[in-house]
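Engineer: Here it is, the structure, as structure tokens.
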Amino acid sequence: MANTLSQKQLAFCRAFVRTRSPREAAVAAGFLLFPEKAAEKLLSAKPVQAKIQELEQSLSVQRAELIAGYRRLAFGSVADAVRLLQQTDQDAPPDPDTLDLFTVSEIKRPKGGGLEIKFFDRQKALDRLAELQETAEDCALPFYKALERSAAAIGKNGDEG
């Protein structure tokens with residue numbers, strides 16, 4: 001196999017990272033005739049292994065960024081937003097670059113004066129964090145069960161030979 005992957009091989013890599021099932025990934029990528037054999041051959045190819053590793057690392061980074069963002073929304077400080085609210089007309093306006101307004105979803109200046117600040121929903125951020133945690137635990141379980149089955153199969157083969 002060349003260093004560049006075909007569209008089907010790339011589709012296999014993406015499906016494999018998503019499902020962790022060689023057969024399902026092969027079928028999803030269009031290897032319909034003997035998908036198990038196709039998956040076995042693909043998984044033994046160095047370029048395919050490298051692409052799977054690259055995709056997994058990218059997915060881990062994206063997931064970590066999502067979790068960090070939701071944590072910041074759920075637990076972040078509102079101190080700078082309060083400081084902005086307490087500012088009077090006589091005060092020098094704060095430098096916007098020094099304010100942490102990550103938890104703010106909207107700022108309005110109503111016609112009657114003053115300032116209206118809306119924040120992101122902390123409860124929704126906490127719910128989403130919980131969902132991400134459950135998803136991470138659910139994704140790992142089939143992988144570990146597959147490892148256990150593989151170890152059991154190797155143990156049986158080792159006893160026979």
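Every number in this text was worked out from the coordinates using simple rules, so none of it is lab data. None of the values given here were measured: they were computed from a predicted structure. Positions of Cβ are backbone-derived with ideal geometry, glycine not excepted, and every protein chain shown enters the neighbour counts.
Engineer: Name the residue farthest towards the positive end of the dipole of the chain from the options V17, L126, V48, assuming +1 on Cβ of Lys and Arg, -1 on Cβ of Asp and Glu, about the Cα centre.
Structural biologist: So the residue furthest toward the plus end is V48.
Engineer: On a 0 to 90° scale, report how tilted helix 122-160 is relative to the longest principal axis of the chain, with both axes built from alpha carbons and the result rounded to the nearest 10.
Structural biologist: 20
Engineer: Let me ask something additional. With unit charges on the beta carbons (Lys and Arg positive, Asp and Glu negative) and the dipole taken about the Cα centre of the chain, which residue among P110, A39, A152 sits farthest to the positive side?
Structural biologist: Of the options given, the answer is A39.
Engineer: Suppose every K and R has +1 on its Cβ and every D and E has -1 on its Cβ; what is the size of the dipole of the chain about the Cα centre, in Debye to the nearest 20?
Structural biologist: Dipole of the chain, to the nearest 20 debye: 640 debye.
Engineer: Now, a different point. With a ≥ b ≥ c the root eigenvalues of the C-alpha gyration tensor of segment 49-128, is it rounded (a/c under 1.5), prolate (a/b larger than b/c) or oblate?
Structural biologist: prolate
Engineer: Nearest 10 degrees is fine. How inclined is helix 46-75 to the longest principal axis of the chain, computing both from alpha carbons?
Structural biologist: So the helix axis and the longest Cα principal axis differ by about 30 degrees.
Engineer: I would also like to ask the following. Which one, F34, F12, F75, has the greatest fluctuation when you compute a Gaussian network model over the chain with C-alpha springs under 10 angstrom?
Structural biologist: In this elastic network of the chain, the residue with the biggest mean-square fluctuation among F34, F12, F75 is F34.
Engineer: Please identify, among Q86, Q53, Q62, the residue showing maximal mean-square fluctuation in a Gaussian network model of the chain using a 10 angstrom Cα cutoff.
Structural biologist: Q86
Engineer: Residue by residue, what Karplus-based ³J(HN,Hα) values in Hz, rounded to whole numbers, does segment 89-106 have, using 6.51, -1.76 and 1.60 with θ = phi - 60° and x for Gly and Pro?
Structural biologist: So the Karplus estimates, Gly and Pro as x, are 5, 7, 6, 5, x, x, 5, x, 5, 8, 8, 9, 10, 4, 7, 8, 9, 7 Hz.
Engineer: While we're looking at this one, here's another question. Report the convex hull volume per residue for segment 1-54, counting only C-alpha atoms, in Å³.
Structural biologist: For segment 1-54, the hull spanned by Cα atoms encloses 64 Å³ per residue.
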